[in-house]
Amino acid sequence: MAPDVATTTPDVDAPFSVMGADGHLLVPDTTDFGEPLDVLTRRLYRDMALARRFDQEAFALQRQGELALWLLCTGQEAAQAGSIRAIRDTDFVFPSYREHTAAIARGVTVAEMLPLWRGTAQSSWSPSDYRFNIYTLVLGTQMLHAVGYAMGVRLDGSDEIVMVYVGDGAMSEGDSSEALNWAATMQAPILFMAQNNGWAISTPNAKQFKAPLHTRARGFGLDSYLVDGNDALAVHLTVREAAARVRAGGAPAFVEAITYRIGGHSTSDDPSRYRDDAELQSWIARDPIARLRRCMELEGLADDAFFDRVAAEAETLAAEIRSVCVALDPVPLSSLFRNTFVTETLALQREREEHEEFQGSFE
């Protein structure tokens, strides 16, 4: 089991941290990270850097009309990389819609991630291949899906756990309360990874809820944790500890990671209309990638050659994103009827045939 370092606290202003703002380590040299610190930090840094470059390129493609929509994860890379690397590759993960860092870490390819956002597929990767479910754009529904899957895991007698990502906005949905209560009462082997980025589109935390998210989860009977979501190592230690307790038969866990959404809610959003620049700049100064790099440099965990290699890999990824995106051909609308269920129902077949007849009338 991981060291007991991520203490539960009702104080929303004091999340657990491992790195200081300048990157220096706040924990003893003997802290068990599960693997050598140089190996772990290099893996986390690469995940985060590739995701940041993915975000930049996808945003540009959307502005050029090549993608219909894009949900950015810039600023939230540490919460995702630190958490996804803290569980086993065989543990099943349910994302929401901006978990690009976690998806990259699990091996989901560019060619599989882009079709949803270009509008050429409803879902474009096999969840079983990566133990990573397809994105869920309806707020909060993935929480109930995840608890249901976790109940199946428990009935199978497996030592697998389930992790589900959720944002602070989705925590205001009724599905979240149902999921937390169901998980607690059924002792489901599940870990809720809540990324509190401060805003539910244009609604700030103060207008969403009065009690911090982790204290709400504790009220349902979950073990809860509060962590600095811009500190990849702190997130990793926290989730590693929480996952070990769940896997050992403990209560379901809830981790609230305090982070920030640097961009808009999506490419359809203009965040300058509801938040001021001073707030944004204060969080840009806490960039999770720059913070991890400072730590790696201070502790001698990587040299310039490593950072240069990652930067070059990121540019190669950007070129791949562009070439894959523009090569994605549109699909006929009739595919929607065929792909709603594994086997097309008679009702959907009739609807598809009516649609195809209507469409054919314009030819």
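Any read-out appearing in this document is the output of simple, stated calculations on the displayed coordinates, not a laboratory observation. Predicted model only: the values in this text are computed from it and were never measured. Ideal geometry is used to build each Cβ from the backbone, glycine not excepted, and the neighbour counts take in all protein chains shown.
Each peptide in 338-349, 323-334 receives the mean, over its residues, of other Cβ atoms within 10 Å, and ordering these scores from highest gives 323-334, 338-349. Screening the chain for whole DSSP H helices with an alpha carbon extent of at least 24 angstrom along the helix axis and a mean Kyte-Doolittle hydropathy of at least -0.5 yields 37-63, 304-327. The magnitude of the dipole of the chain, with charges of +1 and -1 set on the Cβ of Lys/Arg and Asp/Glu and taken from the Cα centre, is near 460 debye. Highest mean first, the peptides 278-290, 207-219, 80-92 sorted by other C-beta atoms within 10 Å per residue fall in the order 80-92, 207-219, 278-290. Packing here is the average count of other Cβ atoms within 10 Å per residue, and on that basis the peptides 291-301, 20-30, highest first, run 291-301, 20-30.
Averaging 1/r over each pair of different alpha-carbon atoms in the stretch 108-169 and inverting the result gives 13.2 Å, the Kirkwood hydrodynamic radius. Considering the chain at the alpha-carbon level, its Rg and Dmax are found to be 20.9, 73 Å. Were the residues from residue 355 through residue 202 laid out at 0.36 nm apart, the gain over their Cα-Cα distance would be 51.3 nm. Arranged from fewest to most other beta-carbon atoms within 10 Å of their beta carbon, 138, 147 become 138, 147.
Volume per residue of the convex hull around the Cα atoms, evaluated for the stretch 131-245, comes out as 107 Å³.
Each listed q (0.17, 0.19, 0.23, 0.27 Å⁻¹) maps to a log10 I(q)/I(0) for the stretch 297-342 from the Debye sum over equal C-alpha point scatterers, namely -0.68, -0.74, -0.85, -0.92.
Ranked by how many other Cβ atoms sit within 10 Å of their own Cβ, fewest first, the residues 363, 353 fall in the order 363, 353. Within the listed set 220, 254, 54, the Gaussian network model of the chain (springs between alpha-carbon atoms below 10 Å) gives the highest mean-square fluctuation for 220.
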